[in-house]
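Q: After the structure tokens below, expect a handful of questions from me.
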Amino acid sequence: MTYSVRVVQNYISQYAPRWAGPGSEGVRGLSGSCPGCSLLELRVQRTRSCCREDRPLLPAPGAQPFPNPTQPCPVPAAIPGVTMNPAVFLSLPDLRCSLLLLVTWVFTPVTTEITSLDTENIDDILNNADVALVNFYADWCRFSQMLHPIFEEASNVIKEEYPNENQVVFARVDCDQHSDIAQRYRISKYPTLKLFRNGMMMKREYRGQRSVKALADYIRQQKSDPVQELHDLAEITTLDRSKRNIIGYFEQKDSENYRVFERVANILHDDCAFLSAFGAVSKPERYSGDNIIYKPPGHSAPDMVYLGSMTNFDGTYNWIQDKCVPLVREITFENGEELTEEGLPFLILFHMKEDTESLEIFQNEVARQLISEKGTINFLHADCDKFRHPLLHIQKTPADCPVIAIDSFRHMYVFGDFRDVLIPGKLKQFVFDLHSGKLHREFHHGPDPTDVAPGQQVQDVASSPPESSFQKLAPSEYRYTLLRDRDEL
């Protein structure tokens, strides 16, 4: 039995499913066979970086199997007015060869090269890329090896959606070969995925699922417009006031003022909601020209107006960042890894979500007493209900909230009564005692001699302070190759 090339072509175009695996090297070959001369079997043979794959190519849902070789192929009825050339018939071995050539063409995906960065090209490539996702890796790291084919396949998917070479760049840095670049970007684990916008590294690296879909969705999100346009100023009344809102009022969208605003929004959109209005819609708010307004969370706090130059990127960025990234940040299970990796001890207020009064007191006292300690400790607040486990570590429950504690990543230390935070200098001394090692000594050996009243006998009281609870949120050795251990108090 023989088949015409046209029959083979028709079958492939109608029934062959589109096939792509998690790698990026494409289908290397497809062969046909006729086990028992019943149905023609198609097999995919594909070489990947980790292994060689050889498996049957199954028909798409609803597809018919390839015509039975024991039955004659149906001949389509002649179409009036159409002259058909004689069909070319092939023997079964030739048919297999045709299938190999035709289906390889159908199934080979378009591949893109991952850009390798070095000291010569890194600044030029990143500065000219709207968005760049850079994989900092080491060849010997097993997690890096597992990520390579996924990263390449995600690059292929995104390249089809954003074909311009400067729209999205997937790049990589071999940190063993370019340790200077790794030090420049403070790489402490492999693999690390960092996002860049026009050469500026974003504060938040990618920490999501390592899959083609998750990486592609992440890039799509980064390419989406970070600024919501208002078509009526009445929409402002419906804003989510639990968020920090930045609103820009502009005469024209095609202006340098808006371009700077949009650039800042691209960087800080995870921390604030950005909105804009133009032309006639924004006119009532532009009595002195284009301007930017900050609306703090809640309904009682007054709006704040940016008074600097709107074409000055650094000035605009610093003002908005100060509003979007508060001195006291909330820790959640989503940002816990990021915060622990900063390497600074935590000063945490545990409070019930609805207890905004305690949070406001804590924020005010941190700003009053500890603003000079901003670079030495992280000021955080946490929901008592969500973080019951750390509370249990310090023998507290949500019923005891509000509670202030320090987590040094070795131990947890509890502040006294919450109301003592109002005593001038009390909270500041608590932090100083951490840095001096006094908290650690006293937990193990009792009060320092200087804290004992004259004539009082000094006793060496051994104790065991609770171990760190938030250290468990740090980057996991089951997900990364960690390069160093922190020296904590």
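The values are calculated or read from the model by the stated rules, or taken from the named source; none is laboratory data. Values in this document were obtained by computation on a predicted structure and should not be read as measured data. Because the Cβ atoms are built from the backbone with ideal geometry, glycine has one as well, and the counts that use them run over all protein chains shown. Accessible surface is based on the protein model in full, side chains and every heavy atom, while ligands, DNA and RNA are left aside. Shrake-Rupley method; radii C 1.70, N 1.55, O 1.52, S 1.80 Å.
Q: Does at least one position in the range 381-401 carry a residue that is hydroxyl-bearing (Ser, Thr, Tyr), open to solvent by less than 20 Å² (accessible area, probe 1.4 Å) and out of contact with any Lys or Arg (no Cβ under 7 Å at 6 or more places or on another chain)?
A: There is no residue in the range 381-401 that is hydroxyl-bearing (Ser, Thr, Tyr), open to solvent by less than 20 Å² (accessible area, probe 1.4 Å) and out of contact with any Lys or Arg (no Cβ under 7 Å at 6 or more places or on another chain).
Q: Quickly run through the range 241-266 and pick out the residues that are open to solvent by less than 90 Å² (accessible area, probe 1.4 Å), more than 16 Å from PRO326 (Cα to Cα) and in contact with a strand residue (DSSP E or B) (Cβ under 7 Å, 6 or more places away or on another chain).
A: Correct list: ILE247, GLY248, TYR249, PHE250, ASN257, TYR258, PHE261, GLU262, ALA265, ASN266.
Q: Only one of VAL173, VAL168 is more than 16 Å from the chain's Cα centre (by Cα) and surrounded by 14 or more Cβ atoms within 10 Å (Cβ to Cβ). Can you tell me which?
A: Of the residues listed, the single one that is more than 16 Å from the chain's Cα centre (by Cα) and surrounded by 14 or more Cβ atoms within 10 Å (Cβ to Cβ) is VAL173.
Q: So which residues in the range 324-367 are assigned to a helix (DSSP H, G or I), hydrophobic (A, V, I, L, M, F, W, C) and under 18 Å from PRO297 (Cα atoms), if there are any at all?
A: CYS324, LEU359, ILE361, PHE362, ALA367
Q: Output yes when any residue across the range 423-446 is assigned to a helix (DSSP H, G or I), open to solvent by 20 Å² or more (accessible area, probe 1.4 Å) and of a type in the set (A, V, I, L, M), and no when none is.
A: no
Q: Condition (residue is among the aromatic types (Phe, Trp, Tyr) and open to solvent by 40 Å² or more (accessible area, probe 1.4 Å)) applied to the range 302-313: is it met by at least one residue?
A: No, that holds for no residue.
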